[in-house]
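The values are calculated or read from the model by the stated rules, or taken from the named source; none is laboratory data. The shown structure was predicted, so the numbers you read here are calculated from the model rather than taken from an experiment. In this analysis, Cβ positions are derived from the backbone assuming ideal geometry, glycine residues included, and neighbour counts consider all displayed protein chains. Note: accessible area is taken over every heavy atom of the protein model, side chains too, but ligands, DNA and RNA are not part of it. Shrake-Rupley method; radii C 1.70, N 1.55, O 1.52, S 1.80 Å.
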Amino acid sequence: MPPTYDIEHLLLAQPSTRTVAGVDEVGRGAWAGPVTVCAVVTDLSEPPAGLTDSKQLTAARREPLAAELGSWAAGIGFGEATHAEIDAHGMTEALRRAARRALEALPVRPDAVILDGKHDYIGAPWPVRLEIKGDAASVSVAAASVLAKVRRDAYMATIGCDEYGFADNAGYPSPMHQEALARLGPTAHHRLSWSYLDDLPQWRHLKLHRDPLAIEGQASLFG
């Protein structure tokens, strides 16, 4: 079943809500590169044909669909948090930063946000409606999922590191990526606070550790 505007209509039925944004992220589970968040506002018009959760689409379909979405959406905002921010502050804070950057990049401030998932990593002052599998249920979230995926994949394909296969795996732990990592060690784009380094004795000394007593978002690193 394709995504609908049911959730958007539910939120827009509230007198205080005029604009709703759908938000989704990509890159949370990668070992290298940034986390990317996209926020999309629509005019509730019919979306491009074939729109659905980006994970259900091939790269060959996602890219032309993203181009269509770019001219169809009423507003698009992107936000990213770098691998260094992820290392320094943790994933929750990195997602919060990226999401707020995406929302602030929209041409209009939304009155409500539909966020894919079960954890609100955005927080006040944004009124957030959590929706598990929202990228399959909501048109605006589905659009955000496709646009975020295409943008991040395109970036990862430009940073080189051919031995790691970033152009194909986008920093996720594919066999090629894992083999190169064990042989060559992490690149300047890798997240050095992640547990994959525990399984690489030759490179384990490079791991960064956040102080477990530090407040999220104000973590200190020590080697």
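Only one entry in 115, 65 is closer than 27 Å to residue 194 by Cα and of a type outside the set (Gly, Ala, Ser), namely 115.
Is the stretch 173-192 home to any residue that is farther than 30 Å from residue 52 by Cβ, hydroxyl-bearing (Ser, Thr, Tyr), out of contact with any strand residue (DSSP E or B) (no Cβ under 6 Å at 6 or more places or on another chain) and not assigned by the TED database to the domain that holds residue 59? Yes, that holds for at least one residue. Scanning the stretch 104-117 for residues that are surrounded by 22 or more Cβ atoms within 10 Å (Cβ to Cβ) and either charged (D, E, K, R) or part of a loop (DSSP other than H, G, I, E, B) (or both) yields 110, 116.
Criterion applied to 57, 12 was being at pLDDT below 95, open to solvent by 10 Å² or more (accessible area, probe 1.4 Å), on the phi < 0 side of the Ramachandran plot and assigned by the TED database to the domain that holds residue 117, and the one residue passing it is 57. Residue 101 falls short of the stated requirement of being in contact (Cβ under 8 Å) with a residue 60 or more places away in the chain, surrounded by fewer than 19 Cβ atoms within 10 Å (Cβ to Cβ) and in a loop (DSSP other than H, G, I, E, B).
A Cβ distance below 8 Å, combined with a sequence gap of six or more or placement on separate chains, defines the contacts here; from the stretch 118-134, residues that are part of a strand (DSSP E or B) reach residues that are open to solvent by 80 Å² or more (accessible area, probe 1.4 Å) in the pairs 130/118; 130/119. When each of 143, 102 is tested for being at pLDDT 95 or above and touching a Leu at 6+ places or on another chain (Cβ under 9 Å), the lone residue that passes is 143. Within the stretch 141-151, is even one residue outside any loop (DSSP other than H, G, I, E, B), touching a residue at least 60 places away in the same chain (Cβ under 8 Å) and among the polar types (S, T, N, Q)? Within the stretch 141-151, one or more residues are outside any loop (DSSP other than H, G, I, E, B), touching a residue at least 60 places away in the same chain (Cβ under 8 Å) and among the polar types (S, T, N, Q).
Within the stretch 160-180, the set of residues being in a loop (DSSP other than H, G, I, E, B) and within 17 Å of residue 26 (Cα to Cα) comprises 170, 171, 172, 173, 174. Tell me which residues, restricted to the stretch 60-86, are touching a strand residue (DSSP E or B) at 6+ places or on another chain (Cβ under 9 Å) and either in a strand (DSSP E or B) or crowded, with 21+ Cβ neighbours inside 10 Å (or both). If the condition is that a residue be touching a strand residue (DSSP E or B) at 6+ places or on another chain (Cβ under 9 Å) and either in a strand (DSSP E or B) or crowded, with 21+ Cβ neighbours inside 10 Å (or both), then 69, 73, 75, 76, 77, 78, 79, 80, 81, 83, 86 are the ones that fit.
Conditions (1) open to solvent by 40 Å² or more (accessible area, probe 1.4 Å); (2) more than 18 Å from residue 75 (Cα to Cα); (3) under 13 Å from the mean Cα position of the chain (by Cα); (4) of a type in the set (Lys, Arg), marked per residue:
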site	(1), (2), (3), (4)
120	yes, yes, no, no
126	no, no, no, no
132	yes, yes, no, no
152	no, yes, yes, yes
164	no, yes, no, no
186	no, yes, no, no
194	yes, yes, no, no
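Filtering the stretch 181-192 to residues that are in a loop (DSSP other than H, G, I, E, B) and in contact with a His (Cβ under 7 Å, 6 or more places away or on another chain) leaves 189, 191.
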